[in-house]
Each structure stands twice: as C-alpha cells, then as structure tokens.
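Read-outs throughout are calculated quantities, based only on the coordinates presented, and are distinct from any laboratory measurement. Note that the coordinates shown come from a computational prediction; the quantities given were computed from them, not determined experimentally. Cβ: placed from backbone, ideal geometry, glycine included. Neighbour counts: every protein chain shown.
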Amino acid sequence: MSIQFFTILSAFIMVGSCATTKYTTKIENQKKAITIIDTALVSHYAKSITIPELKTHLTIYASDSLEGRATGEEGQKKAANYLKHIYKEQHIASPIADSVYFQVVPESFLPEGTGTSENVLAYIPGSEKPEEVLIISAHLDHVGVTNGEIYNGADDDGSGTVAILEIAQAFKQAALDGHAPKRSVLFLHVTGEEIGLYGSRFYTEHPVFPLKNTIADLNIDMIGRVDDKHASNPNYIYLIGSNRLSNDLHFISEKVNDTYFNFDLDYTFNQDNDPNRFYYRSDHYNFAKHNIPIIFYFNGTHQDYHQPTDTVDKINFKLLQKRAQYVFATAWQLANQAQRPRLNNDDN
Ligand SMILES: [Zn+2]
C-alpha cells in the first residue's frame, strides 16, 4: 500500500514538474526564436517621423476650427477630410476603392441623434503576402463643444492620429525605395470612439480585409503626455493587452523596445483586476474580441483628460516622436517577419 502510494504520488510530482518545465521552456524558446530584422532600414525610416511634422499636423488637427471633432458633426468631417487630404497628397492609396478613403458609418448604426460619420482608411499593399494585414489604429473623433468650450483633444486622440500619419509616411517612403512591407499595413482612423467604440465595431463587422487574415491591431490612444506617476522619468509607455492573446506579439514588442528604444514598459493597466478596465475601453477591444492579437499604447490619464485644456501646447513632442517610432518599428517587424504572431492556444 505505502509503496504504491508513494509511486503514484511521485508519478504525479514528475508529471507536474515536467509539464511546468515544458511550458517554461516553450515560452523561453518562443522568446528566443524572435529575431529582430531589418534594423538598419527601421532606424533609417524611423527618422522620417519628425517633431516638426508631428507638430504641424497636430496644430491643425487639434485647432479650434475642428470644434472638438464630435462624431457626425462638422468639425469631425473636417478632421476626416484632413486625413484624406494628407493620404492623397502622399499617394498612399485607399484599400476600399480608388480615392475612396471613407468607410461610411450610417446614422442607423450610431446612437440616436448622431449623424452619419466615417472611418478613414489608407494602406500600403504587401509585397509578398498582400492578403495578410497589420492594422494600426487610432480614433479620429473627440467630444466636441460643451457650454461654448471647445474640447480640442490634442492628446486624446490627436496624438495617436498624427503618429499614424507619420508612420504611414515612413512606410510609404520605404516602399518607394523598394522596401515595401511583405504584408499589407492598414492605417485605420476610426470614428465614434468617445461615444462607445462605434467606428471600430463597424469596421470589424464590415472588414475590408477578412478578420482571419488580420494578424494584429496596434492601437494608439493618447501618447503625447506624461502622467503624474512618471513625472520624474518620462521615458515610459503603458502597454495593455500585448500578451493576452499572443505571447509572440508580446515578446516581439519587448524585443523591439530592447533593440531600439529602452522605454520603461509599464504593464500596470494590463492586470486582469485593473479597476480602470482600460483593456475594454479603446478600439483595440473590438479586434481582441474577435481573437486578433492587440497592443494598446497609452500614456495614462492626466488632469486635462477629457477637459477643454487638452491642448497642443501641452504635448511633449519629443516623447510623441519616440513613441510613434516605437509603434513604427514594431509594425515593421510584424509586417515583415516570416511568421505572423501565433495565438497562445495554437499548438504549433
Ligand atoms: Zn481616446
């Protein structure tokens, strides 16, 4: 009896420890298997993301004439037209149809009283796997005007919006020089975020590229400021969601950071029990719920969050530039490496 008991018990211990070792080894191997590619090209094209250009775009995008970009209103239409104008000017195509940059989000899809709105889409076609797509997203809308005060939304989400314009320009320049991404890269400016993530939900229900071919979504929502916690060390960014669906994506993101940037990556808001529930609160969530790996890039909240004082003069452009370059370098790796990031439950 006792011998058998011990035999059975030790067999259990063996199984337990083997499984754990196997799991740890698998994760370690997964991490080691990632090789950061094209470092010279990435460094070169990242330099095209400049402070003066970010500033020029954001000074217009967060100006009073756009009236806080409330979904369906005149100011939001101006915002959408500005984005379209920039893409056309830079000969960055639309994936919908020639020169059709707007994906119309009809009034019937939006909350009552909200007028028809639009997502803005532009893309760089992939050179080897054009049917697979990496999405870089940011919301184009903000909260509009209240009691005569304009909510300019320079950080929320003017910062993410102009970062995408600069990232798109960097990919375009590379493509013109013969270094088009192997997979397609879609620049997705979604509307209706502030009223309930409507534009991203509309896109995922009417995707231009099939969702199963969508390898990841890198969502940028507020990357131009510094929160109180990091006032003395602003070289940081919060990452949310990177490991939830794909450890591959998480390790790629970390290795890209180690290779080029050395940000202090803050995962505080990625905790399952985080009371802010930021994972569910921006557009990436509409992709995550379809099992598409995501990263949400975020600077945290500050006293001007959703206030008329979220203005362009308070943006830290040096930091905005570096964070945009980080997203660009991560996007380059994802669009060009041999294998798309695997889901954690994939056994291959
Ligand atoms: Zn936002």
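Considering each of ALA216, ALA231, ALA288 in turn, give the residue that is among the small types (Gly, Ala, Ser) and out of contact with any helix residue (DSSP H, G or I) (no Cβ under 9 Å at 6 or more places or on another chain).
ALA231
Every residue in the stretch 269-292 that is in contact with a Phe, Trp or Tyr (Cβ under 8 Å, 6 or more places away or on another chain) and surrounded by 15 or more Cβ atoms within 10 Å (Cβ to Cβ), please. Matches in the stretch 269-292: PHE269, ASN270, PHE278, TYR279, SER282, HIS284, TYR285, ASN286, ALA288. A search for C-beta distances below 6 Å between a residue of the stretch 108-128 that is touching a residue at least 12 places away in the same chain (Cβ under 8 Å) and on the phi > 0 side of the Ramachandran plot and any residue that is assigned to a loop (DSSP other than H, G, I, E, B) and among the aliphatic types (A, V, I, L, M), counting only pairs 6+ apart in sequence or on different chains, returns nothing. In the stretch 123-169, of all residues being under 26 Å from LYS47 (Cα atoms), among the polar types (S, T, N, Q) and within 16 Å of the ligand (Cβ to nearest atom), the one that is farthest from the chain's Cα centre (by Cα) corresponds to SER159.
To keep it simple, each residue is scored yes or no on (1) touching a residue at least 12 places away in the same chain (Cβ under 8 Å); (2) surrounded by fewer than 23 Cβ atoms within 10 Å (Cβ to Cβ); (3) aromatic (Phe, Trp, Tyr).
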{"position": "HIS306", "(1), (2), (3)": "yes, yes, no"}
{"position": "GLN325", "(1), (2), (3)": "yes, no, no"}
{"position": "PHE328", "(1), (2), (3)": "yes, no, yes"}
{"position": "ALA338", "(1), (2), (3)": "no, yes, no"}
{"position": "LEU343", "(1), (2), (3)": "yes, yes, no"}
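Collect the residues in the stretch 139-168 that are polar (S, T, N, Q) and surrounded by fewer than 21 Cβ atoms within 10 Å (Cβ to Cβ), keeping them in residue-number order. If you could, list the steps in order and put the result at the bottom.
First pass over the stretch 139-168, keeping only residues polar (S, T, N, Q): 146-147, 152, 159, 161.
Across the stretch 139-168, the qualifying residues are THR146, ASN147.
Among the numbered conditions (1) in contact (Cβ under 8 Å) with a residue 12 or more places away in the chain; (2) away from the ligand (no atom under 16 Å from the Cβ); (3) of a type outside the set (S, T, N, Q); (4) in a helix (DSSP H, G or I), the only one that PHE269 does not meet is (2). Annotation note: Cβ proximity below 6 Å between a residue of the stretch 195-215 that is closer than 21 Å to GLN76 by Cα and a residue that is among the hydrophobic types (A, V, I, L, M, F, W, C) (sequence gap 6+ or interchain) occurs for TYR198/LEU110; GLY199/VAL105; GLY199/VAL190; SER200/VAL190; PHE202/VAL105; PHE202/PHE109.
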